[in-house]
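Notes for the one structure printed next.
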Amino acid sequence: MLEFKNVSYGWKDCEPLQRELCFHLRKGGILSVLGGNGSGKSSMLSVFTNPSMLSAGDIMINGAEFKNLSGRRLFSQLAVVAQNASAVYPFSVLDFVLTGWFPWLGVMGTPGKKEISGARDILRRIGIADWENRIVTTLSGGEFKLVQLARAMVGDRRLLLLDEVDGALDFANLVRLTDILCAFTENGGSVVLVTHNPNLALTLDSDVLILSRNLPYMLGRAADLIVPDILEEYFCVKVGQMISSETGCRQIIPHMHRQHA
């Protein structure tokens, strides 16, 4: 589905953020990408919208080289939900989601019954069908993240590249997100999920990639890498863990130091 072969990337005229990065995301898999601020997580996804950031190596998407794909062919296979995107124009939610059909319709294409039906189906599956007439510029940050996710899922895309989509979500919508991603992968889709929440990677039972500017990257299963000694080394903070007596799930807890007056 998605493969990085000795990939180095970064900003022009700057030292690469990461060098010789290798991983393979299988069909139906989730790769959670963790790391400190500035380690290159978001920039890894930015490569797909700014190919000049790729300085070495090859990226393969469904067996084809990323650098040889046209924009329309690329974005008919994958979608990127950016970290800091905001609503600019006062589109309705339905009209905003319909813009996700651009790779198939082109700039001048007009959505027809098929596209409108498909967009409404995605809104229904995400659980926000009753939002279709709301104006995107009036949505909260968390609400807009769900609408962005809906736009990314229209059409027949099988690869989602999600940059901190969980960051603005409340507890209920975080649970909704996990359900959406699990259903997507059970139907053969694959997800790269940049997150600052190691517990989300544990909940999803995903593969994990931990990035750092000072240490070699680590790649493995969440159960093996989301453990106190590794997190303390990569994030330079003391952490603990607990096991839920109700669910049996393991959760990571950072040690917080309260300042006393």
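Criterion applied to Asn84, Asn37, Asn50 was being polar (S, T, N, Q) and within 20 Å of Ala201 (Cα to Cα), and the one residue passing it is Asn37. For the range 156-176, the tally of residues that are farther than 27 Å from Arg72 by Cα and open to solvent by less than 30 Å² (accessible area, probe 1.4 Å) stands at 3. Of the listed requirements (1) in contact (Cβ under 8 Å) with a residue 12 or more places away in the chain; (2) outside any strand (DSSP E or B); (3) open to solvent by 40 Å² or more (accessible area, probe 1.4 Å); (4) among the polar types (S, T, N, Q), Gln251 misses just one: (2).
Elements of the type strands (runs of 3 or more DSSP E) sitting completely within the range 1-47 and holding at least 1 residues that are more than 23 Å from Ala85 (Cβ to Cβ): these cover 2-9, 18-25. Scanning the range 35-54 for residues that are under 16 Å from Arg19 (Cα atoms), in contact with a strand residue (DSSP E or B) (Cβ under 7 Å, 6 or more places away or on another chain) and either of a type outside the set (A, V, I, L, M) or open to solvent by less than 10 Å² (accessible area, probe 1.4 Å) (or both) yields Gly35, Ser39, Gly40, Lys41, Ser42, Ser43, Met44, Leu45, Val47, Met53. All conditions in (1) open to solvent by 60 Å² or more (accessible area, probe 1.4 Å); (2) closer than 23 Å to Phe96 by Cα; (3) modelled with pLDDT under 95 hold for Arg151, with the sole exception of (3). Considering the range 55-82, the residues that are over 19 Å from Leu160 (Cβ atoms) and touching a residue at least 40 places away in the same chain (Cβ under 8 Å) include one that is most open to solvent (accessible area, probe 1.4 Å), namely Ser55.
One residue stands out in the range 206-227 among those that are part of a loop (DSSP other than H, G, I, E, B) and without any contact (Cβ under 8 Å) to a residue 24 or more places away in the chain: the one that is least open to solvent (accessible area, probe 1.4 Å), namely Val227. Of the residues making up the range 190-205, just one is assigned to a loop (DSSP other than H, G, I, E, B) and surrounded by 20 or more Cβ atoms within 10 Å (Cβ to Cβ), namely Thr195.
The values are calculated or read from the model by the stated rules, or taken from the named source; none is laboratory data. Nothing here was measured: the structure is a model prediction, and the numbers come from that model. With ideal geometry, Cβ positions are generated from the backbone for all residues, glycine too; neighbour counts draw on all protein chains shown. SASA here: full protein model, heavy atoms, side chains in, ligands and nucleic acids out. Shrake-Rupley method; radii C 1.70, N 1.55, O 1.52, S 1.80 Å.
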